[in-house]
Amino acid sequence: MATTVGAVPTAMDEKARRTRDLLASFYNTDPAAAGAVAASPARPSPAAVTASPLESINSTSFNPDVYMDVLVQQSNLEALLQRHVKMAAEIKNLDTDLQMLVYENYNKFISATDTIKRMKTNIAGMETNMEQLLSKITSVQSRSDTVNTSLFNKRENIEKLHRTRNLLRKVQFIYDLPSRLNKCIKAEAYADAVRFFTGAKPIFEAYGDTSFQDCKKASEEAMDLVIQQLQAKLYSDSEPIEARAEAVVLLKQLNFPVDNLKSNLLEKLEDCLLNLQTEPTQASVGDISKTFRAYLIIFPDSESRLIELAHALFTNRYETVRGALKERIPSTDLLAMLRGLWEDATAIDEVISEAALPAFSLETTRDIIKQHIATAFLHLQTEISDVLVRTHSTTNEKLEESQLQTAMEKSKIKVSQGCIDLLQEFRHLIDGNTELLVQLKDLIIDWVQEGFQDFFQKLDGHFHMLSGRITGFSQESSTVDFVQIDKVPTVLVLMLAQLCVFIEQTTIPKVTEDLADSFSGGGARSSEYGPPFVPGEICRLYRSSGEKFLQHYINIKTQKISKLLNKRFSTPVWLKHKEPREVNMFVDLLLLEFNGIVSEVKQILPGLVRRHRHSDSTGSTTSSRSNPMREEMLHRSNTNRSRSQFLENHLAKLFEQKMEIFTKLEYTQESVISTVLKLCLKSLQEFVRLQTFNRSGFQQIQLDMEFLKSSLKEFIDDEAAISFLLKEVNNAAHERCLDPIPLEAPILDKLINAKLAKIKEQSSNM
């Protein structure tokens, strides 16, 4: 039913409240009290007094007539039917609850009645039994008093005799104590001796100066001997640690100062640990934890000192491992050492956990493995450098045909196989299933990847140092200073260029593949630093360095030849030059330099399939030896006609198709040789432009260039470009000549053939 408006809400539900009201109304004979109990458990508020009649059905002031009038006025027929059904259900529930309540109370009354009947039956003979028990207790008490009275005097005598007997025993013990102590010393029962002496010590303190003076003196002499024996046992390494611990306990019972003993023993332990560091054996290392445990038992207050000794021990042992890293050691040997140290640290941690040796070992092992990885990369860089430096040192001697090629292959193998060997070594660091390696696996993967990134970058910088380039050049400026060209190992520069190509195209893809297979994961490194190994960045670095080295090689060679050309054209007085009789010696020197370049390039750089000749594709009609300019020059006989021809040549150049002299530099024999030759010929042209020639000087230049035209065909296929550049040299000499009358063709051929015959004769004699 509905509750009173404004009543305090309670936790009990409607059924529990109804049951309580029924019990109150059932057991209470006062109608007023019953009505009060039936009301809300809380005191009704003023609002409850003026509540609606429909809500006062559970109150004591319920008026059925008013209730029905209000209900009929406020409700329609359907609401009245619903209220009827609801009230009928509530009446039925109340009847059922009341029946159950009456039934339960009836059962309780029956059980209480049966219990009372049984109690009346069982208590009937209890009073008689209690009276009999009381009479028997009284009889026993009277007889006990009689016995105590009769035996009182005898008991007093017995207790007095017993005290006397105990006193005599103690006196006898005191007199027998020296002999007992001597027997214990002979039997090495030092614990019994200490127990006997400590038991007699209070008597000696009280009567040692009077009655038992001799016994006290003899006993103290015996105990001095016991103390000496205990000290000897404590310092003896052959004694088990339990016996030594017992000796310390006995000395403490004798009030012997053990602080000095503790200091001496700890110093001795420190010496033993130092000896252990020099020659660690498995047996001795296994005894460390037992030794520490024993010292904790012997000296419980020595824990801090033992922690210091443990840290010093493992610090020195790890330093020994660090020292071994200076020499490259296999990863398996390093892991064996670290695994042994980890097991020792774990064993000692069970004894002195406050030392935190596993955490110390983990941190130190982390640094050692990181140092091992860095050292391995450093050794590989040194080995690669040694191979290249040995190659450079042999270039001062006469090289065999395949010596440079062999050195190049060794360098490639050292780089490629060295990286593969390092990866194989580093796999041992992550394949182990020990707790130590599992905790460091992600870090090791990051270190290996970072190591390869750093290794390739440092190797590139080392290549620049070997090539004579300054490594600290700015990225914003493309200009790079060079060391003295005479001191630069040009062959080494060319090898470095080819090695950069090999690293970019072969080594880095192989390393990237192996890292993805065996060293994937990681992630211990912060994401803000990006991935530890970026192969694209390394490839771009070596591609750029290779191009710089190749260009550097060409620059060195061309500058060296330019010195030769400068000396050739600045030394003689061209205005007083004599009529040419043979090809100048500088041409032989120039061809010798070209031969050296070709020999180096062919052994180091890959070859290229020879292309078709470009003489017909340039559009120039003046690249052959029988060009119109030369035919007209053969018929000139005076200066005016030669000047006319000079003007005609300039006009002809205006209508010639422009020739592409310098093309993109490639890592091929043809490209490098062609670039060097073209640069040298351009330099030759510029040196010619700086001089002024007489007729003989001009003819000497003409003869030298004609001989070079036939000789340079052996080096490259781009005959059109070489012919064009040689023609430009002739034109430059023609421009700078005071009387530019060339040699006649028969004379030119005769001098060239004489030079060729001389070269052939020298070759046959060698």
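The values are calculated or read from the model by the stated rules, or taken from the named source; none is laboratory data. In this text the structure is predicted, and so the values were computed from the model without any measurement. Note: ideal-geometry Cβ built from the backbone for every residue, glycine included; neighbour counts use all protein chains shown. What goes into the accessible areas is simple: the full protein's heavy atoms, side chains included, and nothing from ligands, DNA or RNA. Shrake-Rupley method; radii C 1.70, N 1.55, O 1.52, S 1.80 Å.
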Note on Asp739: of the conditions (1) closer than 22 Å to Leu677 by Cα; (2) touching a Lys or Arg at 6+ places or on another chain (Cβ under 9 Å), unmet is (1)
Would you check which residues across region 317-346 are open to solvent by 40 Å² or more (accessible area, probe 1.4 Å) and in contact (Cβ under 8 Å) with a residue 12 or more places away in the chain and list them? Thr320, Arg322, Lys326, Arg328, Pro330, Thr332, Met337, Arg339, Thr346
Please give the number of the condition Ala720 fails out of (1) farther than 26 Å from His577 by Cα; (2) in contact with a strand residue (DSSP E or B) (Cβ under 6 Å, 6 or more places away or on another chain). (2)
Tell me, yes or no, whether region 87-108 has at least one residue that is free of Cβ contacts under 8 Å to residues at least 12 places away in the same chain, among the β-branched types (Val, Ile, Thr) and farther than 30 Å from Arg17 by Cα. no
Condition set open to solvent by 40 Å² or more (accessible area, probe 1.4 Å) and part of a helix (DSSP H, G or I), scope region 579-589, selection farthest from Gln405 (Cα to Cα): answer is Met585
Out of (1) open to solvent by 50 Å² or more (accessible area, probe 1.4 Å); (2) in contact (Cβ under 8 Å) with a residue 24 or more places away in the chain; (3) closer than 29 Å to Gln505 by Cα, the odd one out for Lys576 is which? (3)
Take Leu422 and tell me if it is surrounded by 13 or more Cβ atoms within 10 Å (Cβ to Cβ), more than 16 Å from the chain's Cα centre (by Cα), at pLDDT 85 or above and closer than 23 Å to Met337 by Cα. yes
Consider Arg195 carefully, then state whether it is over 16 Å from Leu250 (Cα atoms) and not acidic (Asp, Glu). no
Leu592 fails exactly one of (1) exposed (fewer than 14 other Cβ atoms within 10 Å of the Cβ); (2) not in a helix (DSSP H, G or I), namely (2)
By residue number, the members of region 180-203 that are part of a helix (DSSP H, G or I) and of a type in the set (A, V, I, L, M) are Leu181, Ile185, Ala191, Ala193, Val194, Ala200, Ile203
Answer yes if at least one residue in region 116-132 is closer than 25 Å to Ala247 by Cβ and not in a helix (DSSP H, G or I), and no otherwise. no
Testing Pro64 on (1) at pLDDT 75 or above; (2) more than 20 Å from Arg17 (Cα to Cα); (3) surrounded by 11 or more Cβ atoms within 10 Å (Cβ to Cβ), one condition comes back false. Which one is that? (3)
